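Following: one structure in structure tokens, then a few remarks.
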Amino acid sequence: GSEMCIRDRVYTKRDLKNDRKIDERMVFPMKKMLAMLLAVLTLCFGAAAMAESVPEADAAAEQAALTDLTAEGQLIQAESFQFYIPADWETVELNDEEIAEGYVFAAASADGANSLIITYAAMDAAMTAEEAQPGLAEVYPTATVQDLNGTSVVAFHDAEEDVLGIVVMDTVDAGYYIFMFTPASDEAFLPVADAIAASFTACLLYTSDA
């Protein structure tokens, strides 16, 4: 079920950013990923990605990364969800067009080596990860249902773009969030990527008067 988020400061989709800004060398790769992700959501790809296995992190490493992330990371709180990113990551400001297209969050490590983009897709009716998997598999043959810290998600891999995708179903409204991590080829990053997605919670917004 969904949880109730209680907090004094609420980030709207237009305010998901820190005071510090990422430099341009990080933003340009992000824009490429945003364009690619839009193509995924609108099923515009003419050819499916090559069928390769989805890279998976060691379970113990993933659990250790999740423990560290929730203890030391930044808590990102938005209108209807919350999750953690590493303490040294920087958020990237999204423009109005990207927000209108469904992008809700973007961030990267301070050195630009690792990055994340999250988008949201609304649906007419609620869907489970198992029900969403066939449609995603039409674009990414690697799309498989996996257990992520006790939650069923759909994971997929785009080897050409070096992206790991994790689709998390919205438990508040009908829809789903797609976490796009890069580079998927960085084995040391995989436990952190999984931990970020595993820390995600869809929640009902409650803002205190303080």
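Condition check for L94 on (1) out of contact with any His (no Cβ under 9 Å at 6 or more places or on another chain); (2) open to solvent by less than 10 Å² (accessible area, probe 1.4 Å): one failure, at (2). Would you call D173 of a type outside the set (S, T, Y) and over 26 Å from A87 (Cα atoms)? Yes; evaluated as a whole, the condition is true for this residue.
Inspect all residues belonging to segment 136-144 and state whether any of them is in contact with a helix residue (DSSP H, G or I) (Cβ under 6 Å, 6 or more places away or on another chain), assigned to a strand (DSSP E or B) and open to solvent by less than 20 Å² (accessible area, probe 1.4 Å). No, there is no match, as no residue in segment 136-144 is in contact with a helix residue (DSSP H, G or I) (Cβ under 6 Å, 6 or more places away or on another chain), assigned to a strand (DSSP E or B) and open to solvent by less than 20 Å² (accessible area, probe 1.4 Å).
Can you pull out every residue in segment 105-135 that is surrounded by 14 or more Cβ atoms within 10 Å (Cβ to Cβ) and within 12 Å of Y176 (Cα to Cα)?
Quick first cut of segment 105-135, residues surrounded by 14 or more Cβ atoms within 10 Å (Cβ to Cβ) only: 105-110, 112, 114-121, 123, 126-127, 129, 131-133.
I118, T119, Y120, A121, M123, A126, M127, A129, E131, A132, Q133, listed by residue number.
Please give the number of the condition A195 fails out of (1) modelled with pLDDT of 90 or more; (2) crowded, with 16+ Cβ neighbours inside 10 Å; (3) in a strand (DSSP E or B). Unmet for A195, out of (1) modelled with pLDDT of 90 or more; (2) crowded, with 16+ Cβ neighbours inside 10 Å; (3) in a strand (DSSP E or B): (3). Residues in segment 73-86 that are open to solvent by 40 Å² or more (accessible area, probe 1.4 Å) and more than 12 Å from I196 (Cα to Cα): E79 alone. Restricting the first member to segment 163-179 and to residues that are closer than 16 Å to P141 by Cβ, and the second to residues that are open to solvent by 10 Å² or more (accessible area, probe 1.4 Å), the beta-carbon pairs closer than 6 Å and six or more apart or on different chains are V163/T182; L164/H157; V167/Y176.
Out of curiosity, is A188 within 22 Å of A71 (Cα to Cα), at pLDDT below 95 and not hydroxyl-bearing (S, T, Y)? Yes: the conditions hold for A188.
Name the residues in segment 108-127 that are of a type in the set (A, V, I, L, M) and without any contact (Cβ under 8 Å) to a residue 60 or more places away in the chain, would you?
Within segment 108-127, A110, A122, M123, A125, A126, M127 qualify.
Among residues of segment 89-104 that are in a helix (DSSP H, G or I), those with a Cβ under 9 angstrom from a residue that is at pLDDT below 95 and basic (K, R), sequence gap 6+ or separate chain, pair up as D96/R14; E98/K31; I99/K13; I99/R14.
The values are calculated or read from the model by the stated rules, or taken from the named source; none is laboratory data. In this text the structure is predicted, and so the values were computed from the model without any measurement. Note that we place each Cβ from the backbone using ideal geometry, even for glycine, and neighbour counts take in every protein chain shown. Note: areas computed on protein heavy atoms with side chains; ligands, DNA, RNA excluded. Shrake-Rupley method; radii C 1.70, N 1.55, O 1.52, S 1.80 Å.
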